[in-house]
Amino acid sequence: MEATETTEVGPGEVELAAGEYVRVSAIAEYFDIGLSTVYQAIEQGDLPAIGVGNGSKKALRVRLSDVLAYEKSRRIKPKNAPTL
């Protein structure tokens, strides 16, 4: 599998290739927020995730491209910014 794009996540600077899946803990570290905030975004459907494994303790993973799209969708635009 050939990666076309990489990004660094969090203070530990973990390199991730586009198309890879990341752990909820890596997303929380990247945004410097609590795990519960990430789980809430997933439960509300704002951040797509997949469950890996069987039973009630599935591991959740999120595609890196979805994390980046979520980040872009959350950018705050200044109220007085000119429209281009």
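Computed quantities for the displayed model
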| item | result |
| --- | --- |
| Gain on full stretching of the segment that runs from Ala59 to Ser73 - 0.36 nm per residue minus C-alpha separation | 2.6 nm |
| Under 22 Å from Lys57, Cα to Cα: lysines that are on another chain or at least 8 residues apart | none |
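Just so you know, all these numbers are worked out from the coordinates, no wet-lab data involved. These numbers come from a predicted model, not from an experiment.
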